[in-house]
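Heads up, the thing below is written out as structure tokens.
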Amino acid sequence: MRNLVPDFPRAALTAFYWAFLFYLLLPLTLMMALSFKDANFVSFPIGNLTLDWYAKVIQDKQFLEACLYSIGIAAASTLAATIIGTWIAMLIVAEGIRWQVVIFALAVLPAVVPGMISAISLRIFISTIDMPTGTGAIILGHTVHSVPFVVVMALTRLRSMPKNMVDAARDLGADNIVAFLRVTLPYLAPALFGGMMFCVLLSIDDFVRTFFLGGYRATLPMLIFAKVQGGMSPEINAMATLVLVVTTSFGLYAEFITRRARTR
Amino acid sequence: MDPIVTFENVTKSYGTFLAVEDLNLEIERGKFVTLLGPSGCGKSTTLRMLGGFEVPNSGRIMLSGKDVTRVPPNKRNVNIVFQDYALFPHLSVARNIAFGLELKGHDKKQIHRRVSELLELVQLQEFAHRIPAELSGGQRQRVALMRALAPDPDVLLLDEPLSALDAKLRQQMQMELKSIQKTTGKTFLFVTHDQEEALTMSDQIVVMNKGKIEQMGDPTALYSQPSSTFVANFIGETNLLRSKVQSVNGDLTAVDWQGITVKAGPGALLPQPGDSINVVLRPESIKCSLSEPSTTNKAKGRIRQRVFKGNHTSLMIEVANGAVLNALVHPSDIAQIGDQDIWVGWNTDSTTLIPDKHAAE
């Protein structure tokens with residue numbers, strides 16, 4: 001007999017999903033919409049539309065400098081985190097079960113320590129060793145934060161790698177380093193690529209650590225924060241919209257690439 | 001002739017587990033040699049020691065006259081075909097095969113020539129640029145084989161490479177492996193737990209059990225002249241007639257098989273009257289008939305179970321002394337036989353004697 005009663009749990013699940021999506025997208029949509037407003041203040045109705053704010057933003061030297069600075073920091077911390085994270089993941093799979101757990105737990109600790117705490121402790125640390133605040137300190141902070149994500153992604157991939165593959169490379173004449181470079185690394189590549197994209201996004205987005213460790217140059221989030229302090233304006237909306245569009249497409253592209261590589 | 005591989009008193013243990021115990025083995029150049037045994041018998045450990053992935057606790061391994069006991073895998077001239085193939089998923093078929101050659105520093109032209117030559121040998125020319133994920137199981141198997149053959153190893157090691165294939169493909173690959181071994185003239189050391197596989201392909205079979213060599217010889221000898229109950233049971237199907245020796249007359253031994261006197265053919269051992277002994281009787285050697293047969297040995301019995309298998313029928317026969325024999329007969333041979341008393345018979349030359357291990361202990 002067919003079920004004549006409507007499928008309530010399923011309907012509820014679907015409804016909640018759409019409600020969540022609405023809640024998620026509404027603020028973003030509003031922000032984007034207001035970036036086209038032809039007036040100096042942020043409020044409805046939008047009235048006339050204009051691209052002037054965007055023109056202003058992309059000609060804004062401060063904004064462009066902050067972008068470049070953020071990208072530079074992201075690149076440096078991602079590179080460092082990828083090398084350290086891969087190294088730790090390789091160490092974990094090479095160790096016995098008991099040490100694996102310990103090393104793994106320590107390696108992912110930075111991901112679960114609250115940003116505030118990690119930022120303050122890093123700040124205290126760098127003043128203890130007389131390291132100046134600024135670029136180096138920010139990169140250090142971002143790297144520490146990013147390593148766990150690389151470790152987790154690299155480890156997942158390494159665990160799925162047939163153990164015989166490295167043996168096969170050794171058997172065919174490769175020493176340990178050649179086997180790593182020619183077999184393990186290419187096998188890890190999709191996971192590492194995904195991990196790197198994630199690190200870049202984490203770094204670009206980071207405010208708390210950068211705030212505590214930074215010097216006089218502003219990263220993107222710091223610049224936006226400073227601008228908001230001076231009062232809302234559609235210019236900030238335009239800036240935020242640009243950042244949102246670029247990082248989202250970046251993230252989606254990364255997901256697409258890793259997914260394609262993983263199914264092969 | 002000089003053996004290409006020699007194991008001298010090789011022992012390997014993991015903690016308290018003795019994987020291989022005092023192994024002495026010589027492998028002849030150009031032969032297809034199979035290490036056969038149940039899992040945990042030490043066959044894979046033996047292969048991995050020759051491959052360089054395990055180092056023996058004691059003893060010596062010689063390869064082409066050189067001591068390689070402690071030489072790492074990348075520095076010895078043997079290659080392995082792994083059980084799961086272990087192809088490099090990011091490289092094309094051609095690049096997989098070229099891997100070993102590139103590391104040996106051959107020039108590009110040479111590599112290209114060798115790779116096409118090998119691809120041709122297994123008819124995979126048009127798959128050269130595919131990646132392993134785009135190949136079938138049998139094709140991957142062939143690529144793994146060619147990748148291991150490419151650097152021209154002294155010995156090719158094969159670690160149960162056919163176990164992942166389905167029955168039909170496995171049979172086909174057995175033939176192909178054998179013919180590739182013949183055309184290339186390479187020494188193959190094959191590891192398997194499948195006795196049929198071993199019988200089909202090998203020039204020489206080494207049966208291993210509990211870290212030791214139980215018996216070695218060519219397939220026919222192993223099948224017809226097993227030297228222990230383990231080998232008799234492991235290779236092919238067997239009836240073991242537990243008996244007592246009555247008298248010995250040259251090659252002929254008369255034994256008492258639970259009340260029935262049986263004459264048995266020669267075995268490796270010299271029995272004495274009164275000894276406990278096993279007579280190995282293969283199921284296909286047993287003939288069934290309604291009238292008394294002219295074979296050397298005969299007994300009355302009844303068919304208790306028959307299973308039709310197409311080209312043969314498998315029978316369970318209860319013999320007059322209460323023992324049960326397994327027999328394989330041609331279906332038409334027993335078409336006339338029902339539930340009545342029948343005769344079973346077999347000739348002396350289809351039996352062999354082996355010591356009764358339980359009595360010896």
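Look through B:Ser58, B:Ser92, B:Ser116 and report the one residue that is hydroxyl-bearing (Ser, Thr, Tyr), out of contact with any Pro (no Cβ under 8 Å at 6 or more places or on another chain), within 30 Å of B:Gly42 (Cβ to Cβ) and at pLDDT 90 or above. If you could, list the steps in order and put the result at the bottom.
On the way: B:Ser92 fails: within 30 Å of B:Gly42 (Cβ to Cβ); B:Ser116 fails: within 30 Å of B:Gly42 (Cβ to Cβ).
Testing whether each residue is hydroxyl-bearing (Ser, Thr, Tyr), out of contact with any Pro (no Cβ under 8 Å at 6 or more places or on another chain), within 30 Å of B:Gly42 (Cβ to Cβ) and at pLDDT 90 or above leaves just B:Ser58.
Taking the listed residues B:Ser163, B:Ser136, B:Ser179, the one that is of a type outside the set (A, V, I, L, M, F, W, C), farther than 23 Å from B:Leu25 by Cα and touching a residue at least 40 places away in the same chain (Cβ under 8 Å) is B:Ser163, with no other qualifying. In the range B:60-70, the qualifying residues are those that are more than 12 Å from B:Asp154 (Cα to Cα) and part of a loop (DSSP other than H, G, I, E, B), and the one that is farthest from the other protein chains (Cβ to nearest Cβ) is B:Thr69.
Condition first: in a helix (DSSP H, G or I) and touching a residue at least 40 places away in the same chain (Cβ under 8 Å). Now tell me which residues in the range B:114-133 satisfy that. Passing the criteria: B:Leu121, B:Pro132, B:Ala133. Looking at B:Asn57 and the list (1) surrounded by 15 or more Cβ atoms within 10 Å (Cβ to Cβ); (2) away from every other protein chain (no Cβ under 14 Å), which single condition is not satisfied? Answer for B:Asn57: the failing condition is (1).
Within the range A:1-50, the set of residues being at pLDDT 80 or above, under 17 Å from A:Ile236 (Cβ atoms) and surrounded by fewer than 10 Cβ atoms within 10 Å (Cβ to Cβ) comprises just one member, A:Pro27. Of all the criteria given as (1) within 14 Å of chain A (Cβ to nearest Cβ); (2) not hydroxyl-bearing (Ser, Thr, Tyr); (3) not in a strand (DSSP E or B), the one not satisfied by B:Asn79 is (3). Of the residues that make up the range B:226-233, is at least one closer than 30 Å to B:Pro151 by Cβ and surrounded by 20 or more Cβ atoms within 10 Å (Cβ to Cβ)? Checked against the condition, which is being closer than 30 Å to B:Pro151 by Cβ and surrounded by 20 or more Cβ atoms within 10 Å (Cβ to Cβ), the range B:226-233 yields no hits at all. In the set (1) surrounded by fewer than 17 Cβ atoms within 10 Å (Cβ to Cβ); (2) of a type in the set (D, E, K, R); (3) free of Cβ contacts under 8 Å to residues at least 12 places away in the same chain; (4) within 14 Å of another protein chain (Cβ to nearest Cβ), the condition left unmet by B:Glu102 is number (1).
Got a sec? Which of B:Ser276, B:Ser224, B:Ser243 is more than 22 Å from B:Leu189 (Cβ to Cβ) and either in the same structural domain as B:Lys12 (by TED's automatic domain parsing) or among the basic types (Lys, Arg) (or both)?
Numbers: B:Ser276 fails: either in the same structural domain as B:Lys12 (by TED's automatic domain parsing) or among the basic types (Lys, Arg) (or both); B:Ser243 fails: either in the same structural domain as B:Lys12 (by TED's automatic domain parsing) or among the basic types (Lys, Arg) (or both).
Result: B:Ser224 is the single residue among B:Ser276, B:Ser224, B:Ser243 that is more than 22 Å from B:Leu189 (Cβ to Cβ) and either in the same structural domain as B:Lys12 (by TED's automatic domain parsing) or among the basic types (Lys, Arg) (or both).
Screening B:Ala94 on (1) crowded, with 18+ Cβ neighbours inside 10 Å; (2) among the hydrophobic types (A, V, I, L, M, F, W, C); (3) within 12 Å of chain A (Cβ to nearest Cβ); (4) out of contact with any strand residue (DSSP E or B) (no Cβ under 8 Å at 6 or more places or on another chain) shows it passes everything except condition (3).
Put simply, of A:Asp167, A:Asp175 the only residue that is in contact with a strand residue (DSSP E or B) (Cβ under 8 Å, 6 or more places away or on another chain) and either at pLDDT below 90 or more than 18 Å from A:Ser77 (Cβ to Cβ) (or both) is A:Asp167.
In the range A:161-237, counting only helices (runs of 4 or more DSSP H) that sit wholly within it, the ones holding 3 or more residues that are surrounded by fewer than 19 Cβ atoms within 10 Å (Cβ to Cβ), within 14 Å of chain B (Cβ to nearest Cβ) and without any contact (Cβ under 8 Å) to a residue 12 or more places away in the chain span A:176-179. Does the range B:219-234 contain at least one residue that is at pLDDT 90 or above and assigned to a loop (DSSP other than H, G, I, E, B)? No: zero hits.
If I filter the range B:35-47 for residues that are crowded, with 21+ Cβ neighbours inside 10 Å, within 14 Å of chain A (Cβ to nearest Cβ) and either part of a loop (DSSP other than H, G, I, E, B) or not polar (S, T, N, Q) (or both), do I get at least one hit? Within the range B:35-47, one or more residues are crowded, with 21+ Cβ neighbours inside 10 Å, within 14 Å of chain A (Cβ to nearest Cβ) and either part of a loop (DSSP other than H, G, I, E, B) or not polar (S, T, N, Q) (or both).
Of these, B:Ile97, B:Ile111, B:Ile180, which one is in a helix (DSSP H, G or I), within 30 Å of the chain's Cα centre (by Cα) and within 20 Å of A:Val178 (Cα to Cα)?
Details: B:Ile111 fails: within 30 Å of the chain's Cα centre (by Cα); B:Ile180 fails: within 20 Å of A:Val178 (Cα to Cα).
Of the residues listed, the single one that is in a helix (DSSP H, G or I), within 30 Å of the chain's Cα centre (by Cα) and within 20 Å of A:Val178 (Cα to Cα) is B:Ile97.
When the range B:82-94 is limited to residues that are of a type in the set (A, V, I, L, M, F, W, C), under 17 Å from B:Pro151 (Cα atoms) and part of a loop (DSSP other than H, G, I, E, B), the one that is farthest from the chain's Cα centre (by Cα) turns out to be B:Phe88. Would you check if B:Thr261 is of a type in the set (Ser, Thr, Tyr) and part of a loop (DSSP other than H, G, I, E, B)? When the stated conditions are applied, B:Thr261 does not pass them.
Please count how many residues of the range B:157-171 are more than 17 Å from the chain's Cα centre (by Cα) and either farther than 26 Å from B:Phe53 by Cα or modelled with pLDDT of 90 or more (or both). Spell out how you get there, then give the answer.
First, the residues of the range B:157-171 that are more than 17 Å from the chain's Cα centre (by Cα): B:164-166, B:168-169.
Narrowing the set further to residues that are either farther than 26 Å from B:Phe53 by Cα or modelled with pLDDT of 90 or more (or both) leaves B:166, B:168-169.
Matching residues across the range B:157-171 total 3.
Annotation note: of B:Val344, B:Val248, B:Val255, the sole residue that is assigned to a strand (DSSP E or B), over 27 Å from B:Leu36 (Cβ atoms) and at pLDDT below 85 is B:Val248. Look at the range B:8-19: where a residue is farther than 10 Å from B:Thr45 by Cβ and a partner is loosely packed, with under 15 Cβ neighbours inside 10 Å and basic (Lys, Arg), sitting 6+ places away or on another chain with Cβ atoms under 9 Å, you get B:Glu8/B:Arg60; B:Asn9/B:Arg60.
From the list B:Pro132, B:Pro73, B:Pro89, B:Pro161, pick out the single residue that is crowded, with 18+ Cβ neighbours inside 10 Å and at the interface with chain A (Cβ under 9 Å from one of its Cβ atoms).
Numbers: B:Pro132 fails: at the interface with chain A (Cβ under 9 Å from one of its Cβ atoms); B:Pro89 fails: crowded, with 18+ Cβ neighbours inside 10 Å; B:Pro161 fails: at the interface with chain A (Cβ under 9 Å from one of its Cβ atoms).
Among B:Pro132, B:Pro73, B:Pro89, B:Pro161, only B:Pro73 is crowded, with 18+ Cβ neighbours inside 10 Å and at the interface with chain A (Cβ under 9 Å from one of its Cβ atoms).
Inspection of the range A:94-101 identifies at least one residue that is outside any helix (DSSP H, G or I) and free of Cβ contacts under 8 Å to residues at least 12 places away in the same chain. The residues listed here are B:Asn297, B:Asn278; of these, the one that is buried (at least 20 other Cβ atoms within 10 Å of the Cβ), at negative phi and free of Cβ contacts under 8 Å to residues at least 60 places away in the same chain is B:Asn297.
The values are calculated or read from the model by the stated rules, or taken from the named source; none is laboratory data. Everything numeric in this text was worked out from a predicted model, so none of it was measured. Note that we place each Cβ from the backbone using ideal geometry, even for glycine, and neighbour counts take in every protein chain shown.
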